[in-house]
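S.K.: Dropping a structure here in structure tokens format, bear with me for questions.
Since every read-out is calculated from the coordinates, none of them should be taken as a lab result. All values derive from a computational prediction rather than experimental measurement. Because the Cβ atoms are built from the backbone with ideal geometry, glycine has one as well, and the counts that use them run over all protein chains shown.
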Amino acid sequence: SSGINAEYGEERKAREKEEIRAEAEGLFKGMDANGDGETSLEEVQQYSMGESSLLDVEETLNIQDLSIPDILDSLENKIRIAREEKANEEQEAARNKKKRAKKPELRKIKTPEAKSEKVEEEEEEEELWGEDGKKIEKVKDIPDPEDFRELEDDELDVDDDDDDDDDVAPIRNTLQYDDDTQKLIDVFEEAESLYNEARKQWEHANNQVKEVEKLNGMDFGPEEEFFSLRGECFEMNDGKYRYKLCPFDQCTQDSTSIGKWEGWEEEGEYSVMVYSKGAGCWQGPNRSTRVQVRCGSQNEIVSAEEPAKCEYAYVFKTPAACTKVQEEYEIHDEL
């Protein structure tokens, strides 16, 4: 069965990947207003202001010079993130719905009418006296074992799916309260809803502030020429390992972290990136990576090796590292 489950999981992932690719292609067609297969500055600016745009203005402007496959990869990544956020929001909404169904525990509240009825029932109970003049205490009914069997067969038949919110009925739909109590319940639920919405907006704004502060603390070059690399990832497979570089974020070897962004090796020099505090080596230091940045006509890892135990070295080419003279020379040399 585990093999079948694994096969099903792979099919589901492949199907989801195809859906995301199709959705990304649809978004690209929407971005390519004149249908010429390319994106102009006017087109991406118009797209960034549309309701269907997954990219903010800054991200949209950064993709105008990318190739179509790179643009599609960027859109796919945004679609995947959007799906994950939507799934998390739905799970959070489901949890909140369950909480609202469980609180407040108003079933324990006894109305004045219920209390008076109970008192009347107790007063109406007949007192029994024995021949010796002593009061006979009434013995509570002992439940029949058959009742428990019926309870197990019927009332205890609980659905195994605990996450089925449709089966959870809100308290206010199962009990009736006087007007004053119901007003308190309505006020409480409205206040809870407003609080949750305000907290969600605060968290979103707080995350944006943290992101801006993080960006302000990063050095993207004297003219911000390396800013376009942020949020992108590049891979190289040497036949044994798959090496990955996400500038200003991390480096990996397959699924192992071999360093997180620390900074440029020398302040004011933009030729070597340093990534440190990766996964620990067996009886060794934490993995780290030194990335030599060179001028090139496209973004790519041209080499990756491990010159010393747990110390890695990349050579990464990018147009961002080129001056105008260097760019012309490198492109001519490659041709």
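S.K.: Under 5 Å between amide hydrogens, which residues at least 5 positions from residue 303 or on another chain qualify, with H placed 1.01 Å from N in the peptide plane?
M.R.: 315
S.K.: Let me ask you something else. For segment 187-192, just list the computed ³J(HN,Hα) in residue order, Karplus coefficients 6.51, -1.76 and 1.60, θ = phi - 60°, integers in Hz, with x standing in for Gly and Pro.
M.R.: Couplings: 5, 4, 5, 5, 5, 5 Hz.
S.K.: Need the full-extension length gain, residue 94 to residue 215, defined as separation in residues times 0.36 nm minus the C-alpha distance. One decimal, nm. The partial results should precede the final answer.
M.R.: On the way: separation 121, 0.36 × 121 = 43.56 nm, distance 3.44 nm.
Residue separation times 0.36 nm, minus the Cα-Cα distance, leaves 40.1 nm.
S.K.: Using DSSP to call loops (not H, G, I, E or B), can you name the trypsin sites (Lys or Arg not before Pro) in segment 170-259 whose Cβ has at most 14 other Cβ atoms within 10 angstrom? Show your work: numbers first, answer last.
M.R.: On the way: sites: 172, 183, 199, 200, 210, 214, 230, 240, 242, 244; in loops: 230, 240.
Here the trypsin sites (Lys or Arg not before Pro) that fit, given the DSSP loop and packing criteria, are 240.
S.K.: Efficiency by 1/(1 + (r/R0)^6): what FRET value for residue 15 and residue 267, r their Cβ-Cβ distance, R0 = 51 Å, to the nearest 0.05? Write out the running numbers ahead of the final one.
M.R.: Working: r = 49 Å, r/R0 = 0.96.
Approximately 0.55, to the nearest 0.05.
S.K.: Let me ask you something else. Excluding residue 17 itself, what net charge comes from residues whose Cβ is under 15 Å from its Cβ, given Lys and Arg +1 and Asp and Glu -1? Before the final figure, lay out each step's value.
M.R.: On the way: positive: 12, 13, 15, 21, 78, 80, 83; negative: 10, 11, 16, 18, 19, 23, 25, 73, 76, 84.
That sum, taken over residues with Cβ under 15 Å, equals -3.
S.K.: What are the ³J(HN,Hα) values, in whole Hz, obtained from phi via the Karplus relation 6.51 cos²θ - 1.76 cosθ + 1.60 with θ = phi - 60°, for each residue of segment 281-298 in sequence order, with x given for Gly and Pro?
M.R.: Residue by residue, segment 281-298 yields 8, 5, 6, x, x, 6, 5, 8, 9, 10, 10, 7, 9, 10, 6, x, 6, 8 Hz.
S.K.: A further question follows. Could you pull out every residue, at least 5 positions away or on a different chain, whose amide H is within less than 5 Å of the one on residue 296? Hs are placed 1.01 Å off N in the peptide plane, and Pro or chain starts have none.
M.R.: Counting only residues 5 or more places away or on other chains, the set is 318, 321, 322.
S.K.: Something else now. Taking R0 as 22 Å, what FRET efficiency do you get between residue 87 and residue 197 from their Cβ-Cβ distance, rounded to the nearest 0.05? Display every interim value, and only then the final one.
M.R.: Values: r = 20 Å, r/R0 = 0.89.
E between residue 87 and residue 197, to the nearest 0.05, is 0.65.
S.K.: Please list, ordered by chain and number, the residues whose modelled amide H lies under 5 Å from the amide H of residue 286; skip anything fewer than 5 residues away on the same chain.
M.R.: 281
S.K.: Then there is this: Which GluC sites (Glu not before Pro) in segment 204-313 pass both tests, a DSSP loop state and at most 10 other beta-carbon atoms within 10 Å?
M.R.: Details: sites: 211, 213, 223, 224, 225, 232, 235, 262, 265, 266, 267, 269, 300, 305, 311; in loops: 223, 224, 225, 232, 265, 266, 267, 269.
Filter output for segment 204-313: 223, 266, 267, 269.
S.K.: Taking 7 Å along the Cα-to-C-beta vector as the label spot, tell me the residue 77-residue 184 distance in nanometres, rounded to one decimal.
M.R.: Reported label-point gap for residue 77 and residue 184 is 5.4 nm.
S.K.: Ordered by residue, what ³J(HN,Hα) values in Hz, to whole numbers, does segment 266-277 give under the Karplus form 6.51 cos²θ - 1.76 cosθ + 1.60, where θ = phi - 60° and Gly and Pro are x?
M.R.: Each residue's phi maps through the Karplus curve to give 10, 5, x, 10, 10, 10, 9, 9, 10, 10, 10, 6 Hz.
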